[in-house]
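Structure first, then comments.
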Amino acid sequence: MVMNKGQLEVIAGCMFSGKTEELIRRLERVRIARGAILLFKPTIDDRYSTTAVMTHYGREFAAHLLAPGEETMETLEQAVGAAAMEEAAVVAFDEGNFFSALLPDLCEALVERGKRVIVAGLDLTFAGEPFGPMPTLLALADRVDKLEAVCVKCGAPATRSQRLVDGRPARADGPVIQVGGLGSYEARCRTCHERERLRARPNKASRLRTRSRRPARRLAATTCG
Ligand code: ZN
C-alpha cells in the first residue's frame, strides 16, 4: 500500500486571532527541516506588500500572488514552474477567505499529490456570516485550529470581527470585502459583536426578502475585488 502523507490543515478565526502568525510558525518549522514551501496569497490583499505575507507584528515570508477565480493546478504551475510544484512539501494559502469556491478542489488535488496543504483565513465576515470557501475547507480539513482573539470591549475570548466606520459599528449590509478601505476592525466576543441592533427593524416580509437576497449579495461582494 502506498502511503499518501498529504493532508489539509485549516487555521481559522477572527481578525487579530494570530492566524498568519500561526501559519508562519508552521512554515518556519518546515523551513528548518529543509522542506520546500510554496506560499500563495490573493491579489486582493495589498495591505502591506505584494510579495510577502506579513503578520501584524512585522514577521514576513515570501509569497506568490494568486488571483481569486484562478485557483487551478495549471495556474500554480505557471506561476512557480512544474519543478517547484513537484518539489514542494508544503503548499500554503494565506487570507483563504478571499479566494473563490475553486480553492477547496485545488487543495484536495494538492493533498492527493502528497502535499501538506495549510490554509489560514477568516471563518466569518464582519457581519458574522461564513466567509467564502472557508466553510467548505473547514469541513474537508484533516486538522482544524480555530483561534481566538481578545474582545476589546469585555476581555473575553473573541471570535467575531467588528467593522467600525468613524469609530462606530458599521452597517451589517455593507460590502463584505473592504481591504484598506474606510473601515477599521476590532476583535469582539459574540455578546459584544454589534450586528442586529444596527439593522432597521424589518417587518416579517422584508426580513424574508433580506434573507433570500443574502447569498447573491455575498457572491457579488466576493468577486468584485
Ligand atoms: Zn465582549
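Using C-alpha pairs below 8 Å separated by at least 6 residues, the relative contact order for segment 7-147 is 38 percent.
The charge dipole of segment 7-147, taken about its Cα centre with unit charges on the Cβ of Lys, Arg, Asp and Glu (plus for the first two, minus for the last two), comes to roughly 580 debye.
The simple spin-label model puts a point 7 Å past each Cα toward its Cβ; for E129 and R168 those points are separated by 2.3 nm. Taking a ≥ b ≥ c as the square roots of the eigenvalues of the Cα gyration tensor, segment 7-147 is rounded, since a/c falls below 1.5.
Every number in this text was worked out from the coordinates using simple rules, so none of it is lab data. Remember, it's a predicted structure, so these values are computed and weren't measured experimentally. Heads up, the Cβs are rebuilt from the backbone with ideal geometry, glycines too, and the neighbour counts pull from every protein chain shown.
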